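Colleague: Questions regarding the structure given below will be posed in turn.
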Amino acid sequence: MTDADDAPTPGEAPVADDAPTLPQLLLALQGVDTDADQLAHRRANSEVRSRFAIASGEATRWEQRRDELQQRIAELGAKIESAEERGAELLTHRQRLDQQLKTVIAPREAEALMQEIATIESQRDELDVAELEAMEEQAVADDQLVAHLGEETSVRDVAGRAADALAAELAEIDTELARLDGRRTELRAALSESLLATYDRKRAALGVAVGPLVGKQCQGCHLQLSAAEIDTVKDEAAATGVTDCPDSGRLLIV
């Protein structure tokens, strides 16, 4: 064998005899990227995240219901207080009219005072009914709030455990992603810029950029190559072990 036979492929750095081959590097890089994609999908769509979303949603709905009850109780309290104040004003007015009625001599004036007193009494009756209804509704809301607050510990415990489980899973995934990122950096450093550009372009377009030829099938697109295509790709990959899949355009490891 001549020195020319030992020369590196253009665009590739010289490698030791025990260094990984170009096909091995490409397959390893595709494996790292595929694993990272699967981890990213798991990070966004795991069952743990779904359980956290459900638990946190329940906690949010619990808080909203608590706030609604507290707000309604406060509104009813204000309504009761307003009714009591208005009732006191009407009572004071009624007492003044009663005093005037005792000193009135003219029948028409007395009749007018009595009509006004009747109107005040009607208003007081309406206030009493409204106040009683508000007090009854407030009592029901108070009971509902007490029962609702009794669920707080359980709701928050479930949400807390779900949050802890998600945090643990994310930490595990992020650790593995960091490891894969380091491995990716090593693998990419061993490949030429032109080949990386090709790999990145095919990966962006196809998802899986590299597939080995197993039998007559490209494992990237899972299509069968014809006998003529097999001969062609073997000839094209004779020097580097890598060519393009004639069907999908992926990098084909032969």
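The values are calculated or read from the model by the stated rules, or taken from the named source; none is laboratory data. What you see is a predicted model; the values in this text were computed from it and never measured. Quick reminder, even Gly has a Cβ in these numbers, built from the backbone with ideal geometry, and neighbours come from all protein chains shown. When the accessible area is computed, the model is the full protein with side chains, heavy atoms only, and any ligands, DNA or RNA have been set aside. Shrake-Rupley method; radii C 1.70, N 1.55, O 1.52, S 1.80 Å.
Colleague: Which of the residues that make up the range 210-225 are in contact with a strand residue (DSSP E or B) (Cβ under 6 Å, 6 or more places away or on another chain), open to solvent by 80 Å² or more (accessible area, probe 1.4 Å) and either under 14 Å from Asp244 (Cβ atoms) or not in a loop (DSSP other than H, G, I, E, B) (or both)?
Modeller: If the condition is that a residue be in contact with a strand residue (DSSP E or B) (Cβ under 6 Å, 6 or more places away or on another chain), open to solvent by 80 Å² or more (accessible area, probe 1.4 Å) and either under 14 Å from Asp244 (Cβ atoms) or not in a loop (DSSP other than H, G, I, E, B) (or both), then Gln224 is the only one that fits.
Colleague: Are any residues in the range 91-140 in a helix (DSSP H, G or I) and small (Gly, Ala, Ser), and if so, which ones?
Modeller: Selection gives Ala110, Ala112, Ala118, Ser122, Ala130, Ala134, Ala139.
Colleague: Which one of these is closer than 22 Å to Gly182 by Cα and out of contact with any Cys (no Cβ under 6 Å at 6 or more places or on another chain): Asp37, Asp67?
Modeller: Asp37
Colleague: Scan the range 62-73 and tell me whether some residue there is of a type in the set (Val, Ile, Thr) and surrounded by 13 or more Cβ atoms within 10 Å (Cβ to Cβ).
Modeller: Yes, the range 62-73 contains at least one residue that is of a type in the set (Val, Ile, Thr) and surrounded by 13 or more Cβ atoms within 10 Å (Cβ to Cβ).
Colleague: Identify, please: which residue in the range 74-91 is touching a residue at least 24 places away in the same chain (Cβ under 8 Å) and within 25 Å of Gly150 (Cα to Cα) and is, among those, surrounded by the fewest Cβ atoms within 10 Å (Cβ to Cβ)?
Modeller: Filtering first and then ranking leaves Gly77.
Colleague: Within the range 38-56, track down each residue that is touching a residue at least 60 places away in the same chain (Cβ under 8 Å) and assigned to a helix (DSSP H, G or I).
Modeller: Within the range 38-56, Leu39, Ala40, Arg42, Arg43, Val48, Arg49, Arg51, Phe52, Ile54, Ala55, Ser56 meet the criteria.
Colleague: Hey, Gly207 hits all of (1) closer than 30 Å to Arg51 by Cα; (2) in contact with a strand residue (DSSP E or B) (Cβ under 6 Å, 6 or more places away or on another chain) but one; which does it fall short on?
Modeller: (2)
Colleague: Additional query: Quick check on my filter: what residues within the range 227-254 are touching a residue at least 12 places away in the same chain (Cβ under 8 Å), in a loop (DSSP other than H, G, I, E, B) and more than 18 Å from Gln30 (Cβ to Cβ)?
Modeller: The answer is Ala239, Pro246.
Colleague: Count, please, the residues in the range 142-173 that happen to be touching a residue at least 24 places away in the same chain (Cβ under 8 Å) and charged (D, E, K, R).
Modeller: Residues in the range 142-173 being touching a residue at least 24 places away in the same chain (Cβ under 8 Å) and charged (D, E, K, R): 6 in total.
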